[in-house]
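The values are calculated or read from the model by the stated rules, or taken from the named source; none is laboratory data. As the structure is a prediction and not an experimental result, all values here were calculated from the model. Heads up, the Cβs are rebuilt from the backbone with ideal geometry, glycines too, and the neighbour counts pull from every protein chain shown. Please note that ligands, DNA and RNA were not included when accessible areas were found on the heavy atoms of the full protein model with its side chains. Shrake-Rupley method; radii C 1.70, N 1.55, O 1.52, S 1.80 Å.
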Protein chains: 2
Amino acid sequence: MGEAPILRIDLGSGVPAYEQIVAQLRALLVAGKLPAGERLPPVRQLAIDLGVHHNTVALAYRELAEEGWLELRRGRGATVVERRERRPDAQARTEFSRRLEALVAKAAADGLSPEAVAKEFDALARKLWKGKKR
Amino acid sequence: MGEAPILRIDLGSGVPAYEQIVAQLRALLVAGKLPAGERLPPVRQLAIDLGVHHNTVALAYRELAEEGWLELRRGRGATVVERRERRPDAQARTEFSRRLEALVAKAAADGLSPEAVAKEFDALARKLWKGKKR
DNA sequence: GACTATTGTACACATACATTGTACATTTGT
DNA sequence: ACAAATGTACAATGTATGTGTACAATAGTC
């Protein structure tokens with residue numbers, strides 16, 4: 001019946017709402033679930049669904065537009081566009097490395113076993129890169 | 001000659017300084033490189049090394065103390081203590097899952113290949129769990 | 001034992017960030 | 001031409017982050 005809830009954000013997670021929106025949309029975009037040409041919901045609509053202000057959604061959209069995923073136009077809405085593949089730079093690599101270490105260390109501190117962490121990682125890799133180019 | 005630089009924080013990385021300190025110390029603690037009984041540098045000393053205010057370091061120490069890694073006492077300093085293994089709860093699992101997805105999606109968006117990401121992950125797992133209990 | 005240095009803590013302040021309220025600009029549809 | 005829909009701009013507010021400064025507790029020294 002109802003639409004599948006596109007996104008779900010967790011207030012009180014410490015992570016800013018607009019960052020959660022960016023992160024989840026980016027994951028969908030990377031996984032190819034939002035192909036070029038697709039229209040995203042209007043900022044006001046998504047804002048209501050998520051329980052935040054429309055400017056918060058707008059900020060998220062703008063960040064994704066900066067990153068090359070979306071085209072934003074007044075009165076027309078947000079559209080997914082074709083995006084050129086990026087060449088990773090050193091900055092991106094070290095930043096990823098640092099954050100991954102922090103995240104996994106936190107998981108270990110919380111008691112997650114190496115096996116549980118590895119399993120989670122595998123499941124995610126399949127999810128994100130399933131049906132995409134190798 | 002000089003001591004190995006224990007930590008290195010990156011201002012302008014977006015991540016708050018005190019969080020970077022917490023994350024890096026936590027990684028060392030998880031990896032067993034700071035065994036119980038070890039003394040951490042005084043907040044003012046570490047603050048100078050890192051180029052931040054000593055209250056910023058103090059905040060990081062307090063967070064790790066809350067987490068059960070350190071004992072803090074006025075005049076005596078910060079000491080690593082024996083810490084009971086945690087049982088992971090659902091909250092920790094879903095939080096880890098969400099953040100991992102966000103992080104890996106970001107890496108993919110930046111152009112890192114699945115192989116590069118997996119490789120980074122392997123190296124990290126070895127680093128964090130090397131010589132620790134299975 | 002008194003004094004001083006060392007060390008973590010408390011608290012007020014400044015600045016930046018995140019979110020919201022409100023109004024505006026642009027496009028679409030009738 | 002008009003109204004509705006949609007993204008944008010900007011001020012206001014609350015929270016987080018970092019700092020300056022003073023305080024409290026412990027350790028070292030004579």
(request) May I ask you to derive the FRET efficiency for A:Glu82 and A:Arg8 from their Cβ-Cβ distance with R0 = 30 Å, giving the value to the nearest 0.05? (result) 0.60
(message) For the interface of chains A and B, what total accessible area is buried with a 1.4 Å probe, rounded to the nearest 100 Å²?
(response) 4400 Å²
(message) Can you find, among A:Ile48, A:Ala65, A:Gln20, the residue sitting farthest towards the positive end of the charge dipole of the stretch A:1-82, where Lys and Arg contribute +1 and Asp and Glu -1 at Cβ?
(response) A:Ile48
(request) Taking a label point 7 Å out from Cα toward Cβ, give me the nm distances from B:Arg76 to the same spot in the other copies, shortest first, one decimal. (result) 6.7
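Just checking the output field for A:7-13: average partner chain Cβ neighbours within 10 Å of each residue's Cβ? Intermediate values should be presented prior to the final figure.
Values: counts 0, 1, 0, 3, 0, 0, 5.
The per-residue average across the peptide is 1.
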(request) Report, for A:Ile6, each distance to the same residue's label point in the other copies, shortest first and in nm; define the point 7 Å along Cα→Cβ. (result) 4.8
(message) Could you tell me how far the Cα centroid of the stretch B:95-134 sits from the Cα centroid of the stretch B:16-92, in Å?
(response) 23 Å
(message) Modelling each spin label as a point 7 Å along the Cα-to-Cβ direction, I'd like the A:Ile48/B:Glu19 distance in nm, to one decimal.
(response) 3.2 nm
(message) For peptide B:112-124, what's the mean number of Cβ atoms from other chains within 10 Å of each residue's Cβ?
(response) 4
(message) At 7 angstrom along the Cα-to-beta-carbon line, where would the label on B:His53 sit relative to the other copies? Give the distances in nm, shortest first.
(response) 2.7
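Find the accessible area per residue for chain A; the probe is 1.4 Å, ligands and nucleic acids are left out, and the unit is Å².
Numbers: 8250 Å² over 134 residues.
Accessible area per residue, chain A: 62 Å².
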(request) For helix B:90-109, report the angle its Cα long axis makes with the longest principal axis of the Cα atoms of chain B; keep it between 0 and 90° and round to the nearest 10°. (result) 60 degrees
(request) Give A:Lys33/B:Lys130; A:Lys33/B:Lys119; A:Lys127/B:Lys33; A:Lys130/B:Lys33; A:Lys106/B:Lys130; A:Lys33/B:Lys127 a once-over and call out the pairs whose C-alpha atoms are over 27 Å from each other. (result) A:Lys33/B:Lys130; A:Lys127/B:Lys33; A:Lys130/B:Lys33; A:Lys33/B:Lys127
(request) Provide the solvent-accessible area of B:Asp49, counting protein heavy atoms only and rolling a 1.4 Å probe, rounded to the nearest 10 Å². (result) 100 Å²
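Could you calculate the FRET efficiency of B:Lys33 with A:Lys130 from 1/(1 + (r/R0)^6), where r is the beta carbon distance between them and R0 is 30 Å, rounded to 0.05?
Numbers: r = 37 Å, r/R0 = 1.24.
Efficiency for this residue pair is about 0.20.
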(message) What is the percent carbon and sulfur in the accessible area of chain A, measuring with a 1.4 Å probe over the protein chains and ignoring ligands?
(response) 51 percent
(request) Kindly identify residues of the stretch B:22-38 having a loss of at least 10 Å² in accessible area between the isolated chain and the assembly of all protein chains, probe radius 1.4 Å. (result) B:Ala23, B:Arg26, B:Ala27, B:Val30
